[in-house]
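Only one structure is covered here, and it is reproduced in the block below.
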Amino acid sequence: MDRFSIVVGDITESDAEAIVNAATESLLGGSGVDGAIHHAAGPELLAECRTLHGCPTGQAKLTKGYRLKASYILHTPGPVWRGGQSGEAEKLASCYRSCLQLAADYGIRSVDFPCISTGVFGYPAVQAAAVSLRAIMDFLRDHDTPRRVRVVCHTKDSAKIWRQTYNFWFAETKADRL
Ligand code: ADP
């Protein structure tokens with residue numbers, strides 16, 4: 001089985017050991033995927049998030065998954081798109097690296113990501129896909145854990161963009177050989 005894949009779906013239904021939440025710096029819930037994850041995980045999640053005292057953009061914090069199938073949630077606030085000259089790419093890459101490093105530290109074997117920053121935070125999809133895929137593939141090349149990483153796109157259209165970007169940049173890379 002490939003170590004990396006791009007799928008279409010609702011990340012709140014993921015069977016991965018950990019899912020990633022595209023959070024806000026307060027970690028107290030928001031719209032989009034953040035709201036959906038809090039809704040599905042239940043109020044215990046917000047209670048645990050209150051004990052974490054927020055998280056800076058580009059970093060990540062772990063909670064339990066509560067009513068989700070996933071055992072853990074890796075919360076990472078993505079950058080708000082401000083035109084591309086405000087360090088957005090480095091911060092977005094850092095979100096993926098921080099989540100994957102936290103997963104590795106906890107021995108988490110499978111992680112599902114949403115397309116961080118591409119909703120309310122306005123990061124253009126093609127650019128986000130390129131930066132995010134580079135960060136994921138670099139991490140997988142250098143680490144054995146997690147064993148499986150997926151990007152869960154909410155729509156077929158966004159999955160098409162991510163797959164095209166993957167094929168353009170990584171056609172030579174076979175993630176299962178990493
Ligand atoms: P951000 O504030 O980081 O932009 P959003 O939640 O607004 O976060 O959007 C991030 C991405 O998550 C978008 O591509 C959006 O389509 C997607 N998304 C929203 N709900 C879900 C869900 N239930 N499962 C997977 N992806 C989702």
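Throughout, read-outs are computed from the coordinates displayed, never taken from laboratory work. Treat the numbers as computed from the prediction; the structure is a model and nothing was measured. Note that we place each Cβ from the backbone using ideal geometry, even for glycine, and neighbour counts take in every protein chain shown.
Structural remarks
- Charge tally around residue 11: other residues with Cβ under 12 Å, Lys/Arg +1 each, Asp/Glu -1 each, net -3.
- Per residue of the chain, the DSSP helices (runs of n ≥ 4 H) give a summed -39500 (n - 2.57) that works out to -12500 deg cm²/dmol at 222 nm.
- The Rg/Rh ratio for the chain, using Cα coordinates for both the radius of gyration and the Kirkwood hydrodynamic radius, is 0.93.
- Across all directions, the average flat footprint of the convex hull enclosing the Cα atoms of the stretch 54-93 is 3.5 nm².
- Each of 66, 96, 123 was scored by other Cβ atoms within 10 Å of its Cβ. Listed from fewest to most, they are 66, 123, 96.
- Ratio of the Cα radius of gyration of the stretch 50-139 to 2.2 N^0.38 Å, where N counts its residues: 1.08
- Seen from residue 23, the other residues with C-beta closer than 14 Å to its C-beta sum to a net charge of 0, counting Lys and Arg as +1 and Asp and Glu as -1.
- In whole percents, the pair-distance distribution calculated for the stretch 1-85 from its alpha-carbon pairs, binned every 5 Å from zero, is 3, 15, 25, 24, 16, 9, 6, 2.
- The stretch 25-178: Lys pairs at Cα distance under 28 angstrom, eight or more positions apart or on different chains: 10
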